[in-house]
Amino acid sequence: MPTPQDALQKKNANDPRYPFRTLAAVAANDADFLKKFLKDKKNDPNQVNNLDRGPVHLAVENESGDDVFDVLLTHRRVDPNLRDNSGATPVYLAVVFQKHAQLDSLLKSSKVDITLADRNGKTPYDVAKAMGNTHAENELAKRLGKPSPAMPTP
């Protein structure tokens, strides 16, 4: 059910004077609207905010559904590996904020690089392990071909 906030975000996304139009389109949390928005080549699919976070970062933070992630991750111009000002990718944020559904959505895409490290040299897997985020650690281990805590080593 759309909220008044969703309607405001759509209005902002359609306003050429609004500085964060792409991010507003993602924040509206409406996959059909986002798909139409991204078809217009004038709209920057990798626009960032003051923290250098892009549309996929925002989808993680807003706990967007699979349909929004599908639009973002299948759009050829969207970069799912953008790094924010700390070097964090959307996968990294999903691990840190323990957004398991969003992490699972990201891991479905072959475009997502889970080996990218932050400015301190830590990868999402390193962070998941250090935090004790077993869901993230297990899912990332599968993608990396590593044994996970839930999978004993032979």
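Here are some notes:
- Options ASP70, ASP113: the member that is assigned by the TED database to the domain that holds ALA25 and either buried (at least 21 other Cβ atoms within 10 Å of the Cβ) or acidic (Asp, Glu) (or both): ASP70
- Checking each residue in the stretch 133-152 for being at pLDDT 95 or above and assigned to a loop (DSSP other than H, G, I, E, B) picks out only ASN133.
- Where ALA24 falls short, out of the listed (1) at pLDDT below 95; (2) in contact with a Lys or Arg (Cβ under 8 Å, 6 or more places away or on another chain); (3) assigned to a loop (DSSP other than H, G, I, E, B): (3)
- Some residue of the stretch 3-14 being of a type in the set (Lys, Arg) and either touching a His at 6+ places or on another chain (Cβ under 6 Å) or in contact (Cβ under 8 Å) with a residue 24 or more places away in the chain (or both): no
- Subset of the stretch 124-141 [without any contact (Cβ under 8 Å) to a residue 12 or more places away in the chain and surrounded by 14 or more Cβ atoms within 10 Å (Cβ to Cβ)]: ASP126, LYS129
- Boolean, ARG76 is surrounded by 14 or more Cβ atoms within 10 Å (Cβ to Cβ) and either of a type in the set (Val, Ile, Thr) or closer than 30 Å to GLN5 by Cα (or both): no
- Within the stretch 73-99, tally of residues that are modelled with pLDDT under 95 and not in a loop (DSSP other than H, G, I, E, B): 2
- Residues being more than 11 Å from the chain's Cα centre (by Cα) and farther than 18 Å from ASP66 by Cα - total across the stretch 77-111: 6
- Exactly one residue among ALA88, ALA94 is touching a Ser or Thr at 6+ places or on another chain (Cβ under 9 Å), without any contact (Cβ under 8 Å) to a residue 60 or more places away in the chain and of a type in the set (Gly, Ala, Ser), and that residue is ALA94.
The values are calculated or read from the model by the stated rules, or taken from the named source; none is laboratory data. Values in this document were obtained by computation on a predicted structure and should not be read as measured data. Glycine gets a Cβ as well: all are built from the backbone with ideal geometry, and neighbour counts include every protein chain shown.
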